[in-house]
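One structure below.
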Amino acid sequence: MTENKMKELIKSIGTGPKGSRGLSRDEAFEACQLILSGSATPAQIGGFLLALRTKGETSSEMEGFLLALQSFLKIPPSATPLKALDLGCPYDGHSRSPGLWIPAAILASRAGLPIVLHGYQDLPAKFGVGLIPLWKNLGLSVSRPENALSDLEKNSIVCLSQEDITPELARMAPIRRELGLRSLFNTVEKALNPMNVSHLAIGYFHETILPAMESMVRAAHPHAKVTFVGGQEGSIGLFTHRATKIVPVNSIPDLVPEFLPPVNEKVEPITVPPTTEAYTLYYHELIKNPLHPHRKALIWQAATLLMMGGLTSQMGEALSLIGDPGKGIDW
């Protein structure tokens with residue numbers, strides 16, 4: 001029966017320009033559950049994801065997938081949103097620039113803003129340097145689901161792996177790697193908000209997808225304050241040489257973009273080979289050297305996180321809260 005149902009769903013979205021249709025939220029929810037529960041075959045999963053990408057994902061399909069993925073979370077949801085900032089960055093990592101959002105998150109957490117990071121590794125379409133191996137290579141601990149809340153209370157920052165919080169999706173990684181393309185999972189996994197926090201910053205790459213993403217996060221996180229960030233490689237990382245577009249999600253129907261200017265001393269990104277080791281070395285140099293050319297940009301990025309997390313609405317106050325440790329920053 002489940003095999004026939006998956007075939008029906010594939011047929012709905014994969015019969016070509018004239019015969020295909022979008023799935024309802026309930027149908028997308030069921031499709032995601034069939035995929036993650038192991039009821040769908042690898043061939044069906046690959047065919048479904050490819051057909052969905054070719055057709056183009058709708059807001060109802062995004063909503064259904066995200067709501068279904070939430071049902072597989074291994075972290076017990078809190079009754080009310082936690083006061084923290086969730087950083088929804090692409091799980092396929094960075095392949096052109098390390099970005100500053102990881103060390104900036106550490107600085108922002110030490111300035112009083114609890115922060116939740118989550119990710120994985122070696123995923124398409126970029127197959128870039130992923131958060132989890134980089135975090136571990138920095139000598140930092142990935143939190144287990146059962147310890148996430150206590151770790152957040154203790155350290156003001158937690159990093160969670162898809163392998164622990166949604167292992168069913170992590171088991172889809174070989175199929176996703178074989179396809180080699182971005183799929184709907186790339187969009188929904190970064191909007192998961194695994195600890196049900198009050199503020200979200202979610203990276204995006206293509207502006208055309210924003211209305212559907214807005215509908216998705218409103219359905220899944222109706223009480224959260226969300227900011228979409230068109231940062232480096234679709235992350236929340238700010239550009240160091242030009243303004244970064246952000247789009248706050250609020251009560252009005254239109255998505256009105258704003259622009260975060262770069263730090264006053266505009267600098268081009270430093271060329272770093274896309275390896276975990278090279279990115280780790282870059283972060284250590286950035287943290288330890290107060291004269292690093294990206295040091296002020298790091299402070300600027302951390303300050304913007306304080307604003308996105310609701311700790312302050314003024315850049316001057318945010319910069320004051322971050323400060324600038326002159327002798328380097330201890331991990």
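The values are calculated or read from the model by the stated rules, or taken from the named source; none is laboratory data. None of these values were measured; they are calculated from a predicted model. Quick reminder, even Gly has a Cβ in these numbers, built from the backbone with ideal geometry, and neighbours come from all protein chains shown. The protein model used for the area step is the full one, side chains on, heavy atoms only, and it has no ligands, DNA or RNA in it. Shrake-Rupley method; radii C 1.70, N 1.55, O 1.52, S 1.80 Å.
Can you confirm whether residue 305 is assigned to a helix (DSSP H, G or I), touching a helix residue (DSSP H, G or I) at 6+ places or on another chain (Cβ under 8 Å) and surrounded by 18 or more Cβ atoms within 10 Å (Cβ to Cβ)?
Taking the combined requirement at face value, the residue satisfies it.
Against the conditions (1) under 30 Å from residue 170 (Cα atoms); (2) open to solvent by 60 Å² or more (accessible area, probe 1.4 Å), where does residue 214 fall short? Just the number, please.
With respect to (1) under 30 Å from residue 170 (Cα atoms); (2) open to solvent by 60 Å² or more (accessible area, probe 1.4 Å), residue 214 is out only on (2).
How many residues are among the hydroxyl-bearing types (Ser, Thr, Tyr) and either free of Cβ contacts under 8 Å to residues at least 12 places away in the same chain or not assigned by the TED database to the domain that holds residue 162 (or both) when one looks only at segment 195-226?
1
State yes or no: is residue 64 of a type in the set (Gly, Ala, Ser) and at pLDDT 95 or above?
yes
Looking only at segment 238-274, filter to residues that are hydrophobic (A, V, I, L, M, F, W, C), exposed (fewer than 12 other Cβ atoms within 10 Å of the Cβ) and not in a strand (DSSP E or B); which one of those is modelled with the highest pLDDT?
Among them, the one singled out is 256.
Taking segment 27-48 on its own, how many of its residues are open to solvent by 50 Å² or more (accessible area, probe 1.4 Å) and closer than 28 Å to residue 207 by Cβ?
1
Go through segment 27-48 and report how many residues are β-branched (Val, Ile, Thr) and assigned to a helix (DSSP H, G or I).
2
All but one of (1) touching a residue at least 40 places away in the same chain (Cβ under 8 Å); (2) of a type outside the set (Lys, Arg); (3) in a helix (DSSP H, G or I) hold for residue 151, so report the exception by its number.
(1)
Considering each of 200, 184, 160 in turn, give the residue that is touching a helix residue (DSSP H, G or I) at 6+ places or on another chain (Cβ under 6 Å), at pLDDT 95 or above, open to solvent by less than 30 Å² (accessible area, probe 1.4 Å) and within 17 Å of residue 88 (Cα to Cα). Please lay out each step first, then the result.
Values: 200 fails: touching a helix residue (DSSP H, G or I) at 6+ places or on another chain (Cβ under 6 Å); 160 fails: touching a helix residue (DSSP H, G or I) at 6+ places or on another chain (Cβ under 6 Å).
Going through 200, 184, 160 in turn, just one is touching a helix residue (DSSP H, G or I) at 6+ places or on another chain (Cβ under 6 Å), at pLDDT 95 or above, open to solvent by less than 30 Å² (accessible area, probe 1.4 Å) and within 17 Å of residue 88 (Cα to Cα): 184.
Output the qualifying pairs, or none if there are none: Cβ atoms under 7 angstrom, residues six or more apart or on different chains, first residue in segment 61-77 and among the small types (Gly, Ala, Ser), second residue open to solvent by 50 Å² or more (accessible area, probe 1.4 Å).
Listed pairs, sorted by first residue: 64/25; 64/26; 64/29; 68/29; 68/33.
Of all residues in segment 200-222, count the ones that are outside any helix (DSSP H, G or I) and over 21 Å from residue 118 (Cα atoms).
Residues of segment 200-222 that are outside any helix (DSSP H, G or I), as a first pass: 200-206, 221-222.
Next cut, over 21 Å from residue 118 (Cα atoms) only: 206.
Qualifying residue count, segment 200-222: 1.
Hey, could you check segment 8-26 for residues that are closer than 23 Å to residue 72 by Cα and in a helix (DSSP H, G or I) and say which is most open to solvent (accessible area, probe 1.4 Å)? I'd like the intermediate steps shown before the answer.
From segment 8-26, those closer than 23 Å to residue 72 by Cα are 9-10, 23-26; that's our starting set.
Now drop any that are not in a helix (DSSP H, G or I), which leaves 9-10, 25-26.
Numbers: 9: 3, 10: 41, 25: 101, 26: 118 Å².
Once the filter is applied, the top-ranked residue is 26.
Within segment 278-289, can one find any residue that is in a loop (DSSP other than H, G, I, E, B) and either among the aromatic types (Phe, Trp, Tyr) or under 22 Å from the mean Cα position of the chain (by Cα) (or both)?
No, every residue in segment 278-289 fails to be in a loop (DSSP other than H, G, I, E, B) and either among the aromatic types (Phe, Trp, Tyr) or under 22 Å from the mean Cα position of the chain (by Cα) (or both).
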